[in-house]
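Reviewing the structure listed below.
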Amino acid sequence: MTQRVHRPREDAEFNFILRMSRVPVLAYFTGTWPKAIEPCRVMDLVVGGIADDYTGRLTAVRTDITRCPAATERYGITGAPSCVLLKDGEAVAHGTGPMTTAEVQKFLDGHL
């Protein structure tokens, strides 16, 4: 896969990306309800830049809560945007709410 940020359409595709990734996965969960739209758009920009900066060290996955309900439940996501850093499918860090690039880098650097 050559996309800088993967966008699975369903849980099976999300799970496939996790299995195929040889590096940790930053899954950020987004929502489409009115109060979530703008913060999630901001996170799209932040994570897109992070994906570029961490090429080869990280797989970024934009996960829509309504399209991937099993993943949302598995990782205890209760709001959007939320981030989960996954290593071998296991959550090693959680973050909730919109984050700046510096905040996401700090979130990642302690675990990569």
In the range 28-54, what count of residues is obtained for those that are in contact with a Cys (Cβ under 7 Å, 6 or more places away or on another chain) and not aromatic (Phe, Trp, Tyr)? 2
Find the strands (runs of 3 or more DSSP E) located wholly in the chain whose residues include 3 or more that are surrounded by fewer than 18 Cβ atoms within 10 Å (Cβ to Cβ), and list them. 90-96
The range 24-42 residues that are in contact (Cβ under 8 Å) with a residue 60 or more places away in the chain, paired with ones that are among the polar types (S, T, N, Q) (beta carbon under 7 Å, 6 or more apart): Val25/Thr59
So for the range 23-36 (the condition being more than 24 Å from Leu112 (Cα to Cα) and within 14 Å of the chain's Cα centre (by Cα)), does at least one residue qualify? yes
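Each value in this text was obtained by applying a stated rule to the coordinates, not by laboratory testing. Computed from a prediction, not measured in an experiment: that's the story for all the values here. No Cβ is skipped: glycine too gets one built from the backbone with ideal geometry, and neighbour counts run over all protein chains shown.
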